[in-house]
């Protein structure tokens, strides 16, 4: 007796489980290279990004200094490496510190229901009512040019997305038949969160984090650009763009470098998208 | 007799569906005369739906087919599905299974039906709307014209889907599992619908595992097993005197011919396992039931009665403690483990963590309660489940197998009461019978109580000792 025709067929129908698509591999390699540059670049380049050699201002690229010198005679490659390290680290940090509490609060709200959920939802709506950049501007107004207001502000603006997505998804999952079955079988909250909720939530969280990371890098660049973010001479990608904008005509590679780095980072993040959500 | 009647509505010659070199459906030959009915009967996984997809020319890519298909006299190579696509809606139509899932959830009923008149038949907008309205009225759906699909009952959704597929006037309709997941009165609606379609001169190819429907539709019958037609001919005579061994087994597994299993069960214990007094529940403004008293003893088999939507599942959930009643008291016997009340869900596919391999799910359970893995393996062996199945994800296992794994999982907990919520409504008769005989064995051996929700009166009659009525009072 053979009753296994259908499942065999289903196995055959399912595309072979390829772990990564080609685009994802490209994205990982790209991000890995940028990460290495940000991590090791400052040490490899060796020069101090703040030392000015005014006699060499706007000097073109050479073997010893592949990106030449900026308007104040500072080694451009050294500044780019330090800028990348600062911008990317700050973005990663603010995404993580938004995602973790956001997701945990979302889970808690969905699980507990009742007043904790209502309070958290009201809080999230209140944050959402303020434009994110405005929030960072407000915080930065107290200590302009500081690192902390920028970090706290971006995290505060970003956690709401994680909270809302996790809460909505968890509510549906918690009402599902498999969670009911797990409860009846005696499994506790931690097990259900780990085996039933997380596998469904992680891909969505990852998507949000990719966009959040890109958003954080852009927000910092934009804040630097309007002069509220980190201040010169700190080498940060946004700050560098403002500083170098006036020399666009004479030395386009100078402003091109931070712009290209930002573009490649965002491209790498977008390439990581799972095939199914590529649309 | 005119020419049109001489040309068969559908003729299939030597049709096979292959996956690589393996034939999933082999050498199918049949002819459906114009205005006739052919019922294709078989258990899940026998290749019925593949056959329908092959006829439509709609097979998923890794599969290919051989043979010839001729629709209304137009003979095409079976593999040339594209040439049959042009006839979709006009010359052949498919009513999918569980049609409420096939309707567009964001479109009102009349617009969905009008769309077919407009797009397939090319009628102007206003005329299409009027035609849709008239068609809806003809099936008693005029009130539903401005509703969305989620506001319809299963039977109404089925009629709407029927109209939407039928609107362009295809003379041949393929109907996939029309009674799956419907309760008894809805099944009568479906039958009436199909008979009306036939009376209009349509030819029907009906794919089902429901013997009741095959009997009621009459016409011709073809029995399918493992991708082959093992018996075909006049429905009435096959059902009366089946020739093939498998057909006999299939007919014997029909709940209508089950023995009175309840008679073989031992008498229930005298003391109550659960005692409910004056239990009431409503969801928002929807009042389900109130003042229900019931008592269930160990070894008892009880069916829950009441029309669909009367809250049978909710009542069962209250008994096992998943849901709290608004009013009333639920008293459970002392000394029971917290996991003594278990549930078997209607859709086994939804009862397992979707991204976890079955082996992992079960291993976690065994570890949690410090049980013996060998005990589980013995249970699985008794249910004739291959251990290799456990290395799959839940959606990669057939419904019948998964339901048996769910049953094994529940039995591992040594439950005092099992609430079985439509445990077999998605399974074919042979698997239905297997699941029930396993369930009742447990009732017999372990003095476990069984609380059963089923829309199938035959099952309730054969299995249940008595009935608790949940209907509103």
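The values are calculated or read from the model by the stated rules, or taken from the named source; none is laboratory data. Every value quoted in this text rests on a predicted model; they were computed, and no experiment measured them. Positions of Cβ are generated from backbone atoms using ideal geometry, with glycine treated the same way; all protein chains shown enter the neighbour counts.
Scan segment B:19-60 for residues that are out of contact with any helix residue (DSSP H, G or I) (no Cβ under 8 Å at 6 or more places or on another chain), at pLDDT 85 or above and assigned to a strand (DSSP E or B) and report the count.
Matching residues across segment B:19-60 total 7.
Given the conditions (1) in contact with a helix residue (DSSP H, G or I) (Cβ under 9 Å, 6 or more places away or on another chain); (2) within 14 Å of another protein chain (Cβ to nearest Cβ); (3) within 23 Å of residue B:428 (Cα to Cα), and given that residue B:63 satisfies all but one, which numbered condition is not satisfied?
(3)
Which of the residues belonging to segment A:162-187 are closer than 16 Å to residue B:347 by Cβ and part of a helix (DSSP H, G or I)?
Correct list: A:172, A:173, A:177, A:178, A:179, A:180, A:181, A:182, A:184.
So, residue A:193, is that one within 17 Å of the chain's Cα centre (by Cα), touching a residue at least 60 places away in the same chain (Cβ under 8 Å) and either assigned to a helix (DSSP H, G or I) or buried (at least 22 other Cβ atoms within 10 Å of the Cβ) (or both) or not?
Spelling it out, it is not the case that residue A:193 is within 17 Å of the chain's Cα centre (by Cα), touching a residue at least 60 places away in the same chain (Cβ under 8 Å) and either assigned to a helix (DSSP H, G or I) or buried (at least 22 other Cβ atoms within 10 Å of the Cβ) (or both).
Need a quick list: strands (runs of 3 or more DSSP E) entirely within segment B:325-421 having at least 2 residues that are more than 10 Å from chain A (Cβ to nearest Cβ).
Fully inside segment B:325-421 and qualifying: B:327-332, B:417-421.
Of all residues being over 24 Å from the mean Cα position of the chain (by Cα) and not in a helix (DSSP H, G or I) in segment B:422-449, which is farthest from the other protein chains (Cβ to nearest Cβ)? Just the residue, please.
Top of the filtered list is B:447.
Residues that are under 15 Å from the mean Cα position of the chain (by Cα), away from chain B (no Cβ under 14 Å) and either part of a helix (DSSP H, G or I) or more than 30 Å from residue B:347 (Cα to Cα) (or both): does segment A:197-205 have at least one?
Looking for residues that are under 15 Å from the mean Cα position of the chain (by Cα), away from chain B (no Cβ under 14 Å) and either part of a helix (DSSP H, G or I) or more than 30 Å from residue B:347 (Cα to Cα) (or both), one finds at least one in segment A:197-205, hence yes.
What's the number of the condition residue B:64 fails, among (1) within 30 Å of residue B:157 (Cα to Cα); (2) at pLDDT below 85; (3) within 28 Å of the chain's Cα centre (by Cα)?
Of the numbered conditions (1) within 30 Å of residue B:157 (Cα to Cα); (2) at pLDDT below 85; (3) within 28 Å of the chain's Cα centre (by Cα), the odd one out for residue B:64 is (1).
For the subset of segment B:284-293 comprising residues that are in a strand (DSSP E or B) and out of contact with any helix residue (DSSP H, G or I) (no Cβ under 8 Å at 6 or more places or on another chain), which member is modelled with the lowest pLDDT? Reasoning before the result, please.
Initially, segment B:284-293 is screened for residues in a strand (DSSP E or B), giving B:286-293.
From what's left, out of contact with any helix residue (DSSP H, G or I) (no Cβ under 8 Å at 6 or more places or on another chain): B:286-287, B:290-291, B:293.
Details: B:286: 75, B:287: 82, B:290: 84, B:291: 85, B:293: 87.
In this case the residue turns out to be B:286.
Checking residue B:38 against (1) in contact with a strand residue (DSSP E or B) (Cβ under 7 Å, 6 or more places away or on another chain); (2) farther than 30 Å from residue B:433 by Cα, which test does it fail?
Condition not satisfied by residue B:38: (2).
Restricting the search to segment A:51-93, which residues are under 27 Å from the mean Cα position of the chain (by Cα) and either surrounded by fewer than 16 Cβ atoms within 10 Å (Cβ to Cβ) or farther than 19 Å from residue A:253 by Cα (or both)?
Within segment A:51-93, A:85, A:86, A:87, A:88, A:89, A:90, A:91, A:92, A:93 meet the criteria.
Of everything in segment B:356-374 that's more than 21 Å from residue A:200 (Cβ to Cβ) and touching a helix residue (DSSP H, G or I) at 6+ places or on another chain (Cβ under 7 Å), which residue is surrounded by the most Cβ atoms within 10 Å (Cβ to Cβ)?
Across segment B:356-374, the extreme among qualifying residues is B:366.
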